[in-house]
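The values are calculated or read from the model by the stated rules, or taken from the named source; none is laboratory data. In this text the structure is predicted, and so the values were computed from the model without any measurement. Here Cβ is always computed from backbone atoms with ideal geometry, including for glycine, and neighbour counts include all displayed protein chains.
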Amino acid sequence: MPDGPVLEASELTKIFRLPRTAANPLRQQTLRAVDGVSMQLFAGATAALVGQSGSGKSTLVRLLSQLEHPTSGTIRINGEEVSASWGRSYRRYTEQVQIVLQDPYASLNPGFRVGRSVRRPLEIHKVHKTRAEREAAVRQLLEQVKLTPPEFYASKFPHELSGGQRQRVAIARSLAVNPKVLLADEPVSMLDVSVKVEILRVLNECRENLGLALLYVTHDIASARWCADTISVMYAGQIVESGPAEEVTQRARHPYTQLLIRSTPDPASGQPANGAKPEDGVTQGSAPETVGCRFRANCPSAMAKCAADEPPVVPLSAGQWVRCWLYAPENGPPAG
Ligand code: ADP
Ligand code: MG
């Protein structure tokens, strides 16, 4: 299947049981952290997953990496459904699908020198036969993420490096076992602005050189536009809009996507464009609506039927789609 997706998620759902509260000890509360999400990742392409904190991005990444089991839905890799969560096929899966997390400090062993951190997956997965081959591979991996000269960085401990350098080490380590898919969960959120761009460049180069399918998870839609081919916008566990990055950012249709774009800070002033504040219309952490549209309480265009029925998925042109009643055929042709 050369042209098919490398990784394909169909209708993934994850329901968490929440602890019983003192106020309500008998009722089991649940949370649909990921609700019917479908997604395709292609070799050599970057897909961005954009949404505010708590929208379910990390849970989706954990499902895609098999760190967590979905309540329902399927994952396919190279067209084959993933079933085992142990044994050889599971190990093969974890080789092919690697993660880079937000905080490299937390994901690197502070007692290991960089060389050892990068070498370990090569040893565990028995990628090479000899020690010399492994050492050469470590050098090449460090060069790939621009930590040069590699011998210099291989001898450092994580605390001797900057945040950006640590994230490069984490990326090098994730590439050690020659993965096909890289899931980067807010990889630059903790870094300074100038370093963010460098790390995104490194990820982009690795994707290009190695033909990786890259999932770039972020709350910053501006950075997604800059580095991704496609953007999916997540709100309260659901993808509400998806399509080519240029379409989604230039012709955003979903009121939530429009809000994200309006509240993106202007790089020059640091102030949101049009004076909108990031939290405008978004009640962080509030329980989303469970009947009808989940965004309706915060939506400036909400209509009666948004409260009554789940919004339909409406296909637009150029591969873009939106989950919103405003664009339903009975409301007339999509605007724009
Ligand atoms: P994001 O990465 O977009 O910030 P998360 O996937 O981390 O969002 O979280 C989505 C929602 O699921 C949040 O409300 C979070 O509190 C909840 N959640 C995440 N993990 C668990 C868990 N293990 N048990 C219960 N709730 C969880
Ligand atoms: Mg997260």
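Considering only residues that are away from ligand 2 (no atom under 13 Å from the Cβ), of a type outside the set (A, V, I, L, M, F, W, C) and surrounded by 22 or more Cβ atoms within 10 Å (Cβ to Cβ), which ones fall in region 36-67?
Answer for region 36-67, where residues must be away from ligand 2 (no atom under 13 Å from the Cβ), of a type outside the set (A, V, I, L, M, F, W, C) and surrounded by 22 or more Cβ atoms within 10 Å (Cβ to Cβ): just Thr46.
Does region 5-14 contain at least one residue that is within 16 Å of ligand 1 (Cβ to nearest atom), within 21 Å of the chain's Cα centre (by Cα), under 30 Å from Thr264 (Cβ atoms) and surrounded by fewer than 18 Cβ atoms within 10 Å (Cβ to Cβ)?
yes
Every residue in region 182-204 that is without any contact (Cβ under 8 Å) to a residue 12 or more places away in the chain and of a type outside the set (A, V, I, L, M), please.
Across region 182-204, the qualifying residues are Ser194, Arg201.
With respect to Leu49, is the statement that it is assigned to a helix (DSSP H, G or I), hydrophobic (A, V, I, L, M, F, W, C), over 26 Å from Ser162 (Cβ atoms) and in contact (Cβ under 8 Å) with a residue 60 or more places away in the chain true?
Considered against the rule, which asks whether it is assigned to a helix (DSSP H, G or I), hydrophobic (A, V, I, L, M, F, W, C), over 26 Å from Ser162 (Cβ atoms) and in contact (Cβ under 8 Å) with a residue 60 or more places away in the chain, Leu49 comes out as no.
Thr30 is checked against (1) assigned by TED's automatic domain parsing to the domain that holds Leu260; (2) at pLDDT 95 or above; (3) of a type in the set (Ser, Thr, Tyr) and fails just one. What number does that condition carry?
Among (1) assigned by TED's automatic domain parsing to the domain that holds Leu260; (2) at pLDDT 95 or above; (3) of a type in the set (Ser, Thr, Tyr), the lone unmet condition for Thr30 is (2).
Could you check how many residues of region 68-96 are in a loop (DSSP other than H, G, I, E, B), within 16 Å of ligand 1 (Cβ to nearest atom) and surrounded by 15 or more Cβ atoms within 10 Å (Cβ to Cβ)?
Final tally of qualifying residues: 3.
Determine, yes or no, whether Glu241 is away from ligand 1 (no atom under 15 Å from the Cβ) and within 30 Å of Thr30 (Cβ to Cβ).
It is true that Glu241 is away from ligand 1 (no atom under 15 Å from the Cβ) and within 30 Å of Thr30 (Cβ to Cβ).
Could you check how many residues of region 179-189 are of a type in the set (A, V, I, L, M) and either within 12 Å of ligand 2 (Cβ to nearest atom) or assigned to a helix (DSSP H, G or I) (or both)?
Adding up the residues that qualify gives 2.
If the requirement is being at pLDDT 95 or above and farther than 23 Å from Glu205 by Cβ, which of these qualifies: Ser38, Ser89, Ser117?
Ser38
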